[in-house]
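To start, the structure itself, in structure tokens.
Throughout, read-outs are computed from the coordinates displayed, never taken from laboratory work. Source: prediction; values computed, not measured. With ideal geometry, Cβ positions are generated from the backbone for all residues, glycine too; neighbour counts draw on all protein chains shown.
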Amino acid sequence: MEERQKNFAAFTLVEILIVIVIIGLLVSILTPSLIRARKLAQQVACASNLRSLGAAAALYQAEFGEYVPICWRNVDENQVNPWPSWRMGLLPYTGGVATFNCSAAKDAGPLSEVIHSASEMASRTEKYGTANAGSYGVMYQESLPSYETEDPAGVVRRGQACDSLAFSTVPGLAWRDPANSVYIADAYLAKGPVSYPTEGYKNNGTSAVVPPSDPDHDYFDAVGVTRRFADRHLGTNCLFVGGRVEMFVTKELDDMVAGSPDCVWDVE
């Protein structure tokens with residue numbers, strides 16, 4: 001009787017293998033959905049950060065008369081105009097440096113994309129400072145030809161994200177249609193050919209986004225590193241000058257041509 005009970009309670013090797021196969025199938029079916037759900041959650045958190053930066057930009061405009069900070073770096077103090085970067089301009093109107101970090105950004109080793117402190121953000125050392133850190137970038141662009149600002153040397157000339165402190169948000173001045181022009185985007189430092197999914201690179205670089213189809217991209221790529229749109233989480237989140245946040249397929253952003261009607265990242 002005891003022998004019969006033992007035989008009845010035991011699993012055969014075939015039964016165990018069948019269970020293992022079923023579990024494996026379930027894992028293979030569920031894993032892509034779980035990964036997608038995680039990336040979707042990261043995308044939502046990233047979009048929330050960009051909305052917070054949009055709210056910070058609105059507060060900056062209220063204080064400084066319809067301008068938003070645009071300079072991609074903290075200019076050297078020996079210049080006539082030692083401009084702060086766009087990040088430092090917006091920081092007082094945010095909840096802290098965490099607002100400037102995408103939730104999917106890497107935070108380890110040479111590929112770290114996370115800003116950890118205000119002092120790091122305020123650094124004027126381009127290689128390791130604000131020009132190089134962070135997972136969001138301001139669009140690298142010249143203003144409309146008729147719009148002029150002072151540069152760090154005190155020279156008045158056409159506005160540029162590398163030299164101007166801020167751009168006016170009044171339509172037709174710096175941007176032709178600011179409400180539909182990208183201001184800040186999810187971006188990463190990159191080196192070499194464009195790849196999908198995007199792969200970050202930690203080295204000398206800027207906080208200005210230069211899309212592959214931008215005429216200036218080849219120059220930045222030739223000097224070593226540039227910043228491109230990132231697809232860390234199912235696409236690229238973009239904050240428009242007007243305050244809205246929208247996600248795009250990264251390659252579609254990369255393929256847009258400056259000056260064309262469908263391009264959202266140039267000033268035209």
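Kindly state, to the nearest 0.05, the FRET efficiency for Asn78 paired with Ala58, given R0 = 25 Å and r defined as their beta-carbon distance. The pair Asn78/Ala58 has a calculated efficiency of 0.15.
Taking 7 Å steps out from each Cα toward its Cβ at Val156 and Glu15 produces label points 8.9 nm apart. Fully extending the segment from Ala122 to Ala41 would add 26.2 nm, taking 0.36 nm per residue of separation and subtracting the current Cα-Cα distance. With only the Cα atoms considered, region 13-255 has a convex hull volume of 141 Å³ per residue.
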